[in-house]
Each structure stands twice: as C-alpha cells, then as structure tokens.
Amino acid sequence: MDSLIWTEQVTKRYNPRKPDEILAVDDVSLHIEKGEVVVLKGPSGSGKTTLLSLIGCMGRPTSGRIVIEGKDVAKLPERFLTLIRRRTFGIIFQQFNLIRNVSVLENVLLPLYPVEISFAEMRLRGGKILEDLGIQNRMHMKVNKLSGGEQQRVAIARALINGPEIIIADEPTAHLDRKLSTDLLRILEDLNTAGKTIVIATHDPFVYDHHFVKRTVEMRDGRLLNIQQT
C-alpha cells in the first residue's frame, strides 16, 4: 500500500455481456515504486496499452482497485480523475497528438489551461522546458513544420509542463528511427535521474532491454506472465 502505483485484481472488459465483448485486462495486480522505470511489454493485443491507460486514469477498470499516491481512483467521479491526470501524470502518446496548425509553445502550454497562473509565467515555464529539450529555437514555429524528432520533443515538453510525478508513454518509439529512439530514451533516463517515475508500454526490445529500465512486466491476453527485475 506504500507503492506510488498499486493495482489489485484489475480487470477491464469492453462491451460487457455483448457478443463482441473483449477482455482486455484480466485480474492484474502490480506495484510500482517511486522512482522506478517499468516497462509493460507484449505483442499487440496483450493488454499493455489498456493497463497503461487505466494506470494513467484515462479509463476505468470494470473491477478491481487502482491506488495512485494513496488515493483509490477506480471509482472517483470524472472531474476528480481529470484533476489527478493533470496534477500527477505526464502522458506521451504514440501518435504525439499535437495540434499541427498552431505553434510549438501553444501546444506545450495546452495542459495548463485552466490554471491560476499568469500567461507570462506559463510562457516562462514552457520556454524553460523547451530549452532543456534543445528546441527553444522552434518555439514559435507551427508543429507541421517540424521533423518527427522535434515533434516528439514537443510531445515530451507538453507532458512535462505541469511538473508531473509520473510519466507514462505508449509505444514511444513506434514512429522513430534508431537515432531518434536513442535520443528519446536518453531524455527519459534524464527525467528518471531527476526523480520521475516512468511507465512505458512497448513491444520494442530496444526500449525494454535498455539499461535504465528497472523492471519489465510481460503481458499476454490481458494477464501478467512474468515480472523481471533488470
């Protein structure tokens, strides 16, 4: 119960009691400690992305408990889940999910709305993160003018803008070549060194075999097969 993230017998069914019912996550219990880097690995359809979304409060389990920083979130009203997502998690999506026809800075600042800080402070915070990621000179460019690697960094900057405790990433190397994947993992390693807890869903051995990963959790057909300390 002292774990940063704690799931107990979590199950997720889509379209329950219907002919097209899908059992995506099946009776999963998992503890993740503060400062860990944990990879959920497995083939497409194994349940890893669904479990990641449940941990990140982007969905609700059909049954079971999910405890984040001591709060049982599984049955909270949506307005409270939204607050927890914004305050606790930085989310790096597989498809980046950037708004292509607005600027880099505007994309990065989006998670800050609505908050009780001035726009000047928002810009200062966004500029500092973009500087840390080496793309401050792209701040006012539209996202559709950027390379894939630059877009990935914008997505990371957006995930960091709220100062989250936990970074979650869904197949973060899926659209990157080996050089950009290496750059991404170096950024994630630096974030972990700075104290961030990181949970990644991937089927890419380049990610789950990386030296900074603390544990790999293998999934298949919605169930945990094996947990390996690295």
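The values are calculated or read from the model by the stated rules, or taken from the named source; none is laboratory data. A quick note: this is a predicted structure, and the numbers were derived from the prediction, not measured. Here the Cβ is made from the backbone with ideal geometry for all residues, glycine too, and neighbour counts use every protein chain on show.
Numerical summary
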item: Residues of region 145-189 classified as surrounded by fewer than 20 Cβ atoms within 10 Å (Cβ to Cβ), among the acidic types (Asp, Glu) and touching a helix residue (DSSP H, G or I) at 6+ places or on another chain (Cβ under 9 Å), total; result: 4
item: Residue list for region 12-48, filter: in contact with a Ser or Thr (Cβ under 7 Å, 6 or more places away or on another chain), under 29 Å from HIS210 (Cα atoms) and part of a strand (DSSP E or B); result: ALA24, VAL25, ASP26, ASP27, VAL28, SER29, LEU30, HIS31, ILE32, VAL39, LYS41
item: Matching entry among ILE91, ILE66 (being within 22 Å of LYS196 (Cβ to Cβ), of a type outside the set (Gly, Ala, Ser) and touching a Ser or Thr at 6+ places or on another chain (Cβ under 6 Å)); result: ILE66
item: Test: residue in region 90-108 that is touching a Leu at 6+ places or on another chain (Cβ under 7 Å), within 17 Å of ILE200 (Cβ to Cβ) and crowded, with 17+ Cβ neighbours inside 10 Å; result: yes
item: Within region 115-230, helices (runs of 4 or more DSSP H) holding 3 or more residues that are modelled with pLDDT of 95 or more, charged (D, E, K, R) and in contact with a His (Cβ under 7 Å, 6 or more places away or on another chain); result: none
item: Residue in region 192-201 that is farther than 19 Å from GLY45 by Cβ, basic (Lys, Arg) and touching a strand residue (DSSP E or B) at 6+ places or on another chain (Cβ under 6 Å) present; result: yes
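Residue-wise test of (1) within 24 Å of ASP204 (Cα to Cα); (2) of a type in the set (A, V, I, L, M); (3) surrounded by 20 or more Cβ atoms within 10 Å (Cβ to Cβ).
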| site | (1), (2), (3) |
| --- | --- |
| LYS18 | no, no, no |
| LEU23 | yes, yes, no |
| HIS31 | yes, no, no |
| VAL39 | yes, yes, yes |
| GLY47 | yes, no, yes |
